[in-house]
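Some notes on the structure that comes next.
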Amino acid sequence: MNAPASPGKRAGPIILIAAIPLALAITFAWTAGWIGPRRLSGGDVADALEYNGGGAHPGYRRAHAKGLCLSGAFDANGAGTALTTASILKRGHYPVIGRFSVAGGNPLAGDGRNVFHSMALIMRAPDGQEWRTGMDHTPIFPVADPRSFVALQRASLPDPKTGKPDPVAMKAYLASHPETKAFQDHIAKAVLPDSFANATYYSINAFRFTDANGATRFVRWQMAPDAPLAGLDKAKLDSLPKDYLFDEMVSRTAKGPSRWHLQLVVANPGDVTDKATVAWTGPHRVIDAGTLTIDRVRPEEQGACRDLNFDPTILPSGIAPSDDPLLAARAKTYSTSFTRRAGEGPGPSAIGKDLHATEAAR
Amino acid sequence: MTRTHFSPVLRVIHWTMALLILAMLFIGVGMVSTTGPAYPELLLLHRPIGIAILVLALLRLAIRLATGAPPLPADLPRPQRLAAKGSHVLLYAAMIAMPLIGWGLLSAGGYPIVVTKTVVLPPILPHDLALYFVLRTLHTLVAIAFFALILLHLAAALMHGLIRRDGVLQSMTFGRPKPGDPVSSESSRIDEQ
């Protein structure tokens, strides 16, 4: 056995030596999605967002491209510890940075649109744990899963002439997506907040909160403003100054801080926890976990928010994602968008541009 | 007497790491391919395994430097000897570099480096988006090169074990040498230590 295999007996070993690495390579290619059934990647969702935005806007977030950095603090009152071991909900004062934004891929779009107004936050605990969240001003989302999200982006491509989607494509899409129709009906009727400061921001998805006894509950949260809600006149959105919402928040914050209460809403038995399209209705156990104070806003060029990814699955120990498929898709798509814009280099923000113009005029 | 095997600790670490690294490469390319639930599930595994690989690789390097390696067969042609040495250096480099690049890209991306529920590591690089992009790209490219290198390493090991039957494969395995097995025929080996 110690002599090399004779040439005549080498065929078997040679086949084996070729076959084992080849089999591994094929399995690897299949795992990577290079061969085999087509799966929905972060790139596919980012591409759909770029398509809907009339092409990529290099250097910017693929969704919610227009934004303003915020900073302040979260003062936890300790009540949240009834639901979770997350250190950030223990009584204390925690620094917060984040971002206000409006939906869409165009970083310089006007604010007079009936679209999501959003608040994204990173709350940091001294032990290094972070709670990142991206919230919208509607309690429900138009789609329940990433494939529907992509289909909606494709169907709702605005016609450059009318600014409206192709009615035929949209009708075909809505026929198989009653949840999107329900969302459209909701947002058509709902108040469109006239300030970032007076909107309630919702967690969109449900999350799993685990308390010190190991009990797990599903929770959706919302940031409820101290400022009373007032709406924009939806009939006059076209005449709204381009950066109205952002300018209003800049001047409002110069006068004083804005506050919100973090409300943790515990699911009732039977509440849908894996579909962001379904609202939780009726009375719920709600815990006021503390106060968010935002005392500073800055353009993205100067603030700390631009080069961060508000991935809603970056959560402190004691809070975990639910089975909502949107959460995994948001995490992956945000990551893809983050990497794309990192490679492109940042561009000026709408508010930063205004600031430079003001400074130049001085 | 010329040694025929790597140190037993090194052999244990080799096979443990072989499993971990292969699993890690599949987890990595699998998770980034999908927006499905596999993405967060695999990401939870990716970081602790990555740090485990880094710790094992550093430990292994120290043991390897301290205990050396059995000599290659004397009749192995020079180009093959160079390929063997060079590929082993590259394998060690990849084992150590991949977790560090991963740790570095999270640092440069401004992410918390959450290894397990309670273990959060400090950043090793400044928060810098351009640097993040370079490291994120490198993480993929080095992973693919690493996998290709592992396939070559595997093919070479099989070639030694099945065709040359020169004891090189057995130097990393645990089987008891049978009489007449190449691992006991020292005459054909030279000691390079």
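Just so you know, all these numbers are worked out from the coordinates, no wet-lab data involved. The model shown is predicted, which means the values in this text are computed figures rather than measured ones. Please note: Cβ atoms are built from the backbone with ideal geometry, for glycine as well, and neighbour counts cover all protein chains shown.
Some points to look at:
- Distance between segment A:182-249 and segment A:272-349 - C-alpha centres, whole angstrom: 13
- Residue mean of other protein chain beta carbons inside 10 Å, B:35-45: 6
- Cα-centre dipole for chain B with unit charges at Cβ (Lys and Arg positive, Asp and Glu negative), debye to 20: 240
- Euclidean distance between Cα centres, segment A:24-94 to segment B:99-173, Å: 24
- 10 Å Cβ neighbours from other chains, averaged over peptide B:26-34: 6
- GNM top mover of A:315, A:264, A:174 - chain A, alpha-carbon springs below 10 Å: A:174
- Using only side-chain charges placed at the Cβ, +1 for Lys and Arg and -1 for Asp and Glu, the dipole size of segment A:40-344 relative to its Cα centre rounds to 80 debye.
- For the residues of B:135-146, the average number of beta carbons from a partner chain within 10 Å of their own beta carbon is 1.
- For chain A, the residue among A:249, A:184, A:168 whose Cα projects farthest onto the positive side of the dipole built from Cβ charges is A:168.
- Sparse packing (at most 16 other Cβ atoms within 10 Å of the Cβ) combined with a DSSP loop state is found for the following trypsin sites (Lys or Arg not before Pro) in segment A:1-82: A:10, A:38, A:39.
- With both labels modelled 7 Å from their Cα along Cα-to-Cβ, the residue A:10 to residue A:147 distance reads 5.1 nm.
- Here the Gaussian network model covers chain A, with springs between Cα atoms less than 10 Å apart; of A:212, A:109, A:46, A:212 fluctuates the most.
- Per residue, the convex hull spanned by the Cα atoms of chain B amounts to 143 cubic angstrom.
- Sorting B:116, A:273 by the number of Cβ atoms found within 10 Å of their own Cβ, with the fewest placed first, yields B:116, A:273.
- Gain upon complete extension [residue B:151, residue B:14; 0.36 nm per residue less C-alpha separation]: 47.8 nm
- Overall, segment A:154-309 carries a charge dipole of about 260 debye about its Cα centre when +1 sits on the Cβ of Lys and Arg and -1 on the Cβ of Asp and Glu, all other atoms neutral.
- Positive-pole candidate from A:195, A:101, A:20, dipole of chain A, charges at beta carbon: A:20
- For a label point 7 Å along the Cα-to-beta-carbon line of residue B:138, residues of segment B:81-104 with backbone N under 12 Å: B:97-104
- Alpha-carbon centroid distance for the pair segment B:30-68 / segment A:142-170, whole angstrom: 41
- In units of the rule-of-thumb radius 2.2 N^0.38 Å, the protein assembly as shown shows an alpha carbon radius of gyration of 1.18.
- Each Lys or Arg adds one and each Asp or Glu subtracts one; over the other residues with Cβ under 11 Å from the Cβ of residue A:188, this totals +2.
- Theoretical ellipticity at 222 nm over the protein assembly as shown - DSSP helices of four or more residues, -39500 (n - 2.57) apiece, nearest 500: -13500 deg cm²/dmol
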